[in-house]
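Chemist: Below are the structure tokens for one structure; questions will follow.
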Amino acid sequence: MRWQVSPPVNSEFLNKFPELSPIMATLLFNRGLQTQAEIDQFLSPDYSQDIHDPYLFKDMNKACEAVFQAIKNQDLITVFGDYDADGVPAAVILTTVLERLGAKVEVYLPHREKEGYGLNKLAVEELAKTNTKLLITCDCGISNAEEIELANSLGLQVIITDHHAIPANLPKALAIIHPQVEGETYPFKFLCGGGVAFKLVQALLRHKNCQLEKAEAERQEKWLLDLVAIATVADMVPLTGENRTLVKYGLIVLKKTQRLGLQKMIFASAIDISKLDTTMISFAFAPRINAAGRMDHANLAYHLLNTQDEVKALAWAEELNQANTQRQKITENVFKEAKNQAPDLKDKLLFFYKTDWPAGLTGLVASKLVKEFNRPAILLTNIDEDTVVGSGRSIEGFHITEALQKNADLLLRFGGHPQACGFSLKKENLASFQANMQTLANAHIKDEELEPVLKVELELDLLAINWDLVDTLDKFQPYGQANSEPLFVDYGVLVTGAKKVGKDQNHWKLELVKQNKKLGAIAFSLGKIEIGLGQRIDIVYNLNINQWNGTRQIQLIIRDLKISS
């Protein structure tokens, strides 16, 4: 693995902010923060100042007027969502506030395998029959021009709230709330689906027609931030700007959530809420919400997050926990089967195909295959004899959804982000699709981009590690996309203690010394590297606090190591 150390911060930046320590200045500079205002917002996010006015969306007032008209007429509003840990919270955010405002509201989440992502014509026709008058999408809709045209013809008004890749032709919806459509005036472009849905309800709660007292409206808004944080972290959008503020305050709300379903999820899963951070959302909350749609139907997760019934909440939380455990086992089996297909690593884009893999797990397994082979990976399976569905995951430098757009004539449906996509196509088009995608990947991906890289912030001697540094690094939380936990490098560190640990003896527990400084370290999954006492090693690491028996100690988490030359 290649270690890519960021270039040193320039003297102009250091002179511009002389009050910053060199380490803090370097970390801020590496994140592209150039002004005092940007630095202040990053280090001290303020909900009252750093959350943008929702009415900066050019269609927001039009959307709100339509919602309040539907409430006044008691027309049925249907929220049409998605089945993942962004789309499900987005649907709950919308329905929670619409119900509180007195709307007659229902939710429709599509079945992942039977219906696929986004609006579909059968669902639109069904909603028209059930007398839906206003259809609000969340985390989908921007790629559904034909389905929205059908909805319009059947007498439904449509409001789109979405954040996915923009198609060539926008749907003719009543209002489009999407931060990246051409000409959009909203200043922050990287909200997730739940974030965009939150901006709509934020606008509704601040609208002149909102009947709630100001204090109650503010309370409603604040207690939604737990769901906004889950959606934002789960969808892996950049944790910068407004997202950083939403997640910072969302973590505070999540720690004391009033949402019964989340309380029961925490209990049933034995989640230690005192240690809540973005990593816990990624590995504890998001997979359980996702498990519902992957293993059966996302309605389970939606009902859990929306229920006021304690008995049902506990039962659903336990069911979701079991679904997640089952999902983990099946994912591992599919991953092994895919690896056994022994892809040709001369290819810059890898395809894996088996007709009976569960469609709900293709994205998860594709992610694991990207990490395994450091190449974009597409996992394919059949939903019927003639139709193939797939999920792709990519590396930096290859926009996989743009590649799909260039093959739109071969696809039935598609959507996604720069590094994640989903699609379906007729089996007869599969060979042409694979060939075209491979050609695009070969043209766009440089050979050096296929080499695994560890991005290191700076060289940091173990002698510089102290509690002041820990406090400095704490200011950079919450970590996430575009704000990864800082990695440091040090060279020639002396090993004075070394013990293999773990069930498979796959990890190292080390004692490291630099001059008079001694620190403990854990090197996960690096047990294959042989280390002896008295050896000197080069390490890439981040800092961790080890709390045990009432004491707190700084320890290193080693991400990679090499024997010093």
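Chemist: Going by the conditions given, is residue 537 assigned to a strand (DSSP E or B), surrounded by fewer than 18 Cβ atoms within 10 Å (Cβ to Cβ) and touching a residue at least 24 places away in the same chain (Cβ under 8 Å)?
Modeler: Here the answer is no, as residue 537 does not meet what is asked.
Chemist: I want to confirm something. Restricting to segment 501-521 and keeping residues that are touching a Gly at 6+ places or on another chain (Cβ under 6 Å) and surrounded by fewer than 15 Cβ atoms within 10 Å (Cβ to Cβ), which single residue is farthest from residue 469 (Cα to Cα)?
Modeler: Within segment 501-521, the match that is farthest from residue 469 (Cα to Cα) is 505.
Chemist: From 214, 208, 199, which residue is out of contact with any Gly (no Cβ under 8 Å at 6 or more places or on another chain), assigned by TED's automatic domain parsing to the domain that holds residue 99 and either surrounded by 24 or more Cβ atoms within 10 Å (Cβ to Cβ) or within 16 Å of residue 163 (Cα to Cα) (or both)?
Modeler: 199 is the lone residue from the list that is out of contact with any Gly (no Cβ under 8 Å at 6 or more places or on another chain), assigned by TED's automatic domain parsing to the domain that holds residue 99 and either surrounded by 24 or more Cβ atoms within 10 Å (Cβ to Cβ) or within 16 Å of residue 163 (Cα to Cα) (or both).
Chemist: Kindly indicate whether any position in segment 37-44 is at pLDDT below 95, over 26 Å from the mean Cα position of the chain (by Cα) and loosely packed, with under 13 Cβ neighbours inside 10 Å.
Modeler: Among the residues of segment 37-44, at least one is at pLDDT below 95, over 26 Å from the mean Cα position of the chain (by Cα) and loosely packed, with under 13 Cβ neighbours inside 10 Å, which makes the answer yes.
Chemist: Based on what the data block shows, is residue 202 under 26 Å from residue 98 (Cα atoms) and assigned to a loop (DSSP other than H, G, I, E, B)?
Modeler: When the stated conditions are applied, residue 202 does not pass them.
Chemist: On to the next question. Could you go through segment 262-275 and let me know if any residue there is in contact with a Ser or Thr (Cβ under 8 Å, 6 or more places away or on another chain) and either of a type in the set (S, T, N, Q) or surrounded by fewer than 18 Cβ atoms within 10 Å (Cβ to Cβ) (or both).
Modeler: For segment 262-275, residues in contact with a Ser or Thr (Cβ under 8 Å, 6 or more places away or on another chain) and either of a type in the set (S, T, N, Q) or surrounded by fewer than 18 Cβ atoms within 10 Å (Cβ to Cβ) (or both): present.
Chemist: I'm checking my understanding of the structure. Among residues of segment 519-565 that are basic (Lys, Arg) and modelled with pLDDT under 95, which one is farthest from residue 489 (Cα to Cα)?
Modeler: Here is the first cut: in segment 519-565, the ones basic (Lys, Arg) are 528, 536, 552, 559, 562.
Among the residues that remain, those that are also modelled with pLDDT under 95 are: 528, 552.
On the way: 528: 20, 552: 23 Å.
Of everything passing the filter in segment 519-565, 552 is farthest from residue 489 (Cα to Cα).
Chemist: Condition first: of a type outside the set (A, V, I, L, M, F, W, C) and surrounded by 22 or more Cβ atoms within 10 Å (Cβ to Cβ). Now tell me which residues in segment 364-380 satisfy that.
Modeler: 376
Chemist: Still on this model: Taking the stated definitions as given, is residue 336 without any contact (Cβ under 8 Å) to a residue 40 or more places away in the chain, surrounded by fewer than 15 Cβ atoms within 10 Å (Cβ to Cβ) and in the same structural domain as residue 429 (by TED's automatic domain parsing)?
Modeler: Against the criterion (without any contact (Cβ under 8 Å) to a residue 40 or more places away in the chain, surrounded by fewer than 15 Cβ atoms within 10 Å (Cβ to Cβ) and in the same structural domain as residue 429 (by TED's automatic domain parsing)), residue 336 does not qualify.
Chemist: Could you count how many residues in segment 107-145 are assigned to a helix (DSSP H, G or I) and under 18 Å from residue 178 (Cα atoms)?
Modeler: Quick first cut of segment 107-145, residues assigned to a helix (DSSP H, G or I) only: 121-129, 145.
From what is left, the residues that are under 18 Å from residue 178 (Cα atoms) are 145.
Summing the residues that are assigned to a helix (DSSP H, G or I) and under 18 Å from residue 178 (Cα atoms) in segment 107-145 gives 1.
Chemist: Given the conditions (1) without any contact (Cβ under 8 Å) to a residue 60 or more places away in the chain; (2) out of contact with any strand residue (DSSP E or B) (no Cβ under 9 Å at 6 or more places or on another chain), and given that residue 290 satisfies all but one, which numbered condition is not satisfied?
Modeler: Single failed check for residue 290: (1).
A quick yes/no check of all residues on (1) of a type in the set (A, V, I, L, M, F, W, C); (2) assigned by TED's automatic domain parsing to the domain that holds residue 411:
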| site | (1), (2) |
| --- | --- |
| 432 | no, yes |
| 441 | yes, yes |
| 478 | no, no |
| 486 | no, no |
| 489 | yes, no |
| 496 | no, no |
| 507 | no, no |
| 521 | yes, no |
| 535 | no, no |
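Chemist: If you don't mind, another one. On the given criteria, is residue 456 under 24 Å from the mean Cα position of the chain (by Cα) and in contact (Cβ under 8 Å) with a residue 40 or more places away in the chain?
Modeler: yes
Chemist: Just to be sure I understand, how many residues within segment 179-196 are without any contact (Cβ under 8 Å) to a residue 40 or more places away in the chain and buried (at least 23 other Cβ atoms within 10 Å of the Cβ)?
Modeler: Within segment 179-196, residues that are without any contact (Cβ under 8 Å) to a residue 40 or more places away in the chain and buried (at least 23 other Cβ atoms within 10 Å of the Cβ) number 0.
Chemist: Taking the options 205, 225, 212, name whichever one is in contact with a Phe, Trp or Tyr (Cβ under 7 Å, 6 or more places away or on another chain) and either on the phi < 0 side of the Ramachandran plot or at pLDDT 95 or above (or both).
Modeler: 225
Chemist: How many residues are in contact (Cβ under 8 Å) with a residue 12 or more places away in the chain and among the polar types (S, T, N, Q) when one looks only at segment 308-327?
Modeler: 4
Chemist: Moving on. Name the residue, out of 380, 361, that is touching a residue at least 24 places away in the same chain (Cβ under 8 Å), part of a helix (DSSP H, G or I) and in the same structural domain as residue 436 (by TED's automatic domain parsing).
Modeler: That would be 361, the only listed residue that is touching a residue at least 24 places away in the same chain (Cβ under 8 Å), part of a helix (DSSP H, G or I) and in the same structural domain as residue 436 (by TED's automatic domain parsing).
Chemist: Something else about it: Does residue 232 fit the bill of being in a helix (DSSP H, G or I), in contact with a Gly (Cβ under 8 Å, 6 or more places away or on another chain) and either acidic (Asp, Glu) or modelled with pLDDT of 95 or more (or both)?
Modeler: yes
The values are calculated or read from the model by the stated rules, or taken from the named source; none is laboratory data. Given the structure is predicted, the values throughout are model-derived calculations rather than measurements. As a convention, Cβ positions derive from the backbone with ideal geometry for all residues, glycine included, and neighbour counts pool all protein chains shown.
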